[in-house]
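Please read the structure below before turning to the comments.
Laboratory data are not the source of any read-out in this text; all were calculated from the coordinates shown. Quantities reported herein were computed from a predicted structural model and do not represent experimental measurements. Quick reminder, even Gly has a Cβ in these numbers, built from the backbone with ideal geometry, and neighbours come from all protein chains shown.
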């Protein structure tokens, strides 16, 4: 296995990952050099930048890294004769859904450059399949969360914008977490989202590689639990696993935030034999173990989410 990243690897993970190359997915010559010297049968493309607010203030960076980066990888793969890609996409390609749960046939209506950068990358994959026969599986993540069960890896709090790490940071720092919107048309008035454990995501990627190498045709799959959890339920789960209260500040809704979003994962079940095995409690237990063990090393994080 070759791992290409801009960050240095954890010292205890180099051996298990295989060869680790520090590089940039936009560097076509570097990508070609790496792929030409190795025996690679498939590429898992998970490199990218991810922040909806940041993408609104710096759209160039998002299209450059996410879309142009995908284009460079596809060209490097074609030059090396590699015909299979598993691509990290996002539920952000749907924008505000008309109905839930969301199936893969829902219209793509991204409402920010981040979502558009993923949608445009998916369109590149479709054209490379049609023009060159390069097959792919595009995995549309919903809300990835949680940490490794052994707490060796997890999501850094510093700069995090996702709800679960923000809530746990608030618990550890005994600071309030801001909840944006308590008047949504949902059972408790707070927004509902679909959360999926990172280990379930990893399992889907392995299955997607096997599917392509086994002759499977290009496809797009939702990766979600198929169940929604509200912000209030996430806060309650954080209190349960930490045995500490979560201080909450209520704020107005943020523009563009839909009331409820969760996946229909039926196609992933049919195509890959995959389903999410871990629920919100499992996600929160693993995340709490990680954050409580590494809290002092992670620096300051935001005290607001929704």
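Please say if segment 69-222 is rounded, prolate or oblate, where rounded means a/c under 1.5 for a ≥ b ≥ c the square roots of the C-alpha gyration tensor eigenvalues, and otherwise the choice is prolate for a/b larger than b/c and oblate otherwise? Because a/c hits 1.5 or more and a/b exceeds b/c, segment 69-222 counts as prolate.
Given that just one value was derived from the coordinates, which of (1) 19.4, 57; (2) 21.5, 86; (3) 17.8, 53 is Rg and Dmax of the Cα atoms in Å? This structure yields the entry labelled (1).
Most simply put, segment 1-141 has about 0% antiparallel DSSP beta bridges, counting only bridges with both residues inside it. Counting each DSSP H run of 4 or more residues in the chain as -39500 (n - 2.57), what helix-only mean residue ellipticity at 222 nm follows after dividing by all residues, to the nearest 500 deg cm²/dmol? After summing the helix terms and dividing by residue count, I get -11500 deg cm²/dmol. Computed from Cα atoms, the angle from the helix 113-132 axis to the main principal axis of the chain rounds to 30 degrees. Counting 0.36 nm for each residue step from residue 269 to residue 129 and taking away their Cα separation leaves a gain of 48.1 nm.
Any idea what angle helix 280-294 forms with the longest principal axis of the chain, computed on alpha-carbon atoms, 0 to 90 degrees, nearest 10? With rounding to tens, the tilt is 90 degrees.
Any chance you could give the angle, 0 to 90 degrees and rounded to 10, that helix 163-173 forms with the longest Cα principal axis of the chain? Orientation of helix 163-173: about 50 degrees from the principal axis. Shape class for segment 147-240: oblate, because the ratio a/c of the largest to smallest gyration tensor axis (alpha-carbon atoms, square roots of eigenvalues) is 1.5 or more and b/c is at least a/b. One chain, two ends: residue 213 and residue 244. Fully extended at 0.36 nm per residue, the span grows by 6.4 nm beyond their Cα-Cα distance. Annotation for segment 209-234 versus segment 22-58: alpha-carbon center distance of 21 Å.
At each listed q (0.12, 0.13, 0.21 Å⁻¹), what is the log10 of I(q)/I(0) that the Debye formula gives for segment 203-267 modelled as equal alpha-carbon point scatterers? Debye intensities relative to I(0), on a log10 scale: -0.57, -0.64, -0.97. Checking the a/c ratio against 1.5 first, then a/b against b/c, what shape does the Cα gyration tensor give for segment 41-100? It comes out oblate by the Cα gyration axes.
Extending 7 Å from the Cα toward the beta-carbon at both residue 60 and residue 254 defines two label points whose distance is 2.4 nm. Label-to-label distance for residue 75 and residue 40 is 1.5 nm, based on points extended 7 Å past Cα in the beta-carbon direction. Here's the picture: a label point sits 7 Å out from the Cα of residue 227 along the beta-carbon direction, and within segment 135-178 the residues with their amide nitrogen under 20 Å of it are 141-149, 163-165.
Counting only DSSP beta bridges whose two residues both lie in the chain, roughly 5 percent are antiparallel. Across the alpha-carbon set of segment 1-141, the Rg to Rh ratio works out to 0.99, Rh being the Kirkwood radius.
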